[in-house]
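The values are calculated or read from the model by the stated rules, or taken from the named source; none is laboratory data. What you see is a predicted model, and the numbers here were worked out from it, not measured in a lab. Cβ placement follows ideal geometry from the backbone for every residue including glycine, while neighbour counts extend to all protein chains displayed.
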Amino acid sequence: MDDIVKQALAKWPNVPHCYGWLGLDARGQWYLRDAQAQAEGAFAQSRGARLEHEKLIEFIGRNYEHDEAGQWFFQNGPQRVYVELELTPWVCRIADDGRVTTHTGSQVDPTACLTDEEGRVYLVSELGLGLVHSLDVAAAADQIEAGRWTPEEVKAADLPARFGFVVSPSAAHA
């Protein structure tokens, strides 16, 4: 967490949390969900505006965490902005050499590989569960064929409970 964020938390400890305004899609992109986007439906149906400002995206990534209930959030100074997830709290990219990084740029070491009924591929790491980016599924297949990963079949609906994360903090909060 950035020092400026820690200082803001210390100065203003009782700022109300924010729900429904930030989303993370299955490709690791952040979306700002204004009141109109929220009124049009849940994150999967109404995304809002994709964030494109590089420094803002990096700031969110450095201050992206979860609470004890498994709800992921961005600590924006003194305010906790809970994140609506399309699928998982992490999106994984696979480099040509097999290295895996998350959508926030953190390098991870996969400990398990999962596939669901829709053909999506997930990796489990020290950070938790991450969906393999759709552009990297072929690279994941290469890792599987090389014997580095052995996929386990799972049901997508079981993943939040199994890995302890909340897809929609705003729904849980309502």
Among the residues of region 32-71, which ones are in contact with a strand residue (DSSP E or B) (Cβ under 8 Å, 6 or more places away or on another chain) and on the phi > 0 side of the Ramachandran plot? Gly48, Gly70
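Residues are listed down the side, and each one gets a yes or a no for (1) under 17 Å from the mean Cα position of the chain (by Cα); (2) within 22 Å of Ala172 (Cβ to Cβ); (3) not assigned by TED's automatic domain parsing to the domain that holds Leu127:
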residue: Ala10; (1), (2), (3): no, no, yes
residue: Gly28; (1), (2), (3): yes, no, yes
residue: Gly48; (1), (2), (3): yes, yes, yes
residue: Leu56; (1), (2), (3): yes, no, yes
Between residues in region 1-16 that are under 15 Å from Phe74 (Cα atoms) and at pLDDT 75 or above and residues that are not in a loop (DSSP other than H, G, I, E, B) and not aliphatic (A, V, I, L, M), which pairs lie under 8 Å by C-beta distance while being six or more apart or on different chains? Asp2/Phe59; Asp2/Arg62; Pro16/Gln79
Exactly one of (1) closer than 25 Å to Ile57 by Cα; (2) surrounded by fewer than 15 Cβ atoms within 10 Å (Cβ to Cβ) is unmet by Glu153. Its number? (1)
Looking at region 72-106, which of its residues are closer than 14 Å to Gly128 by Cβ and among the β-branched types (Val, Ile, Thr)? Val83, Thr88, Val91, Val100, Thr102, Thr104
Counted residues, region 81-102 - those being assigned to a strand (DSSP E or B), out of contact with any Leu (no Cβ under 9 Å at 6 or more places or on another chain) and touching a residue at least 40 places away in the same chain (Cβ under 8 Å): 0
Restrict the check to region 103-119 and report whether at least one residue is in a helix (DSSP H, G or I), over 26 Å from Ile4 (Cα atoms) and not hydroxyl-bearing (Ser, Thr, Tyr). no
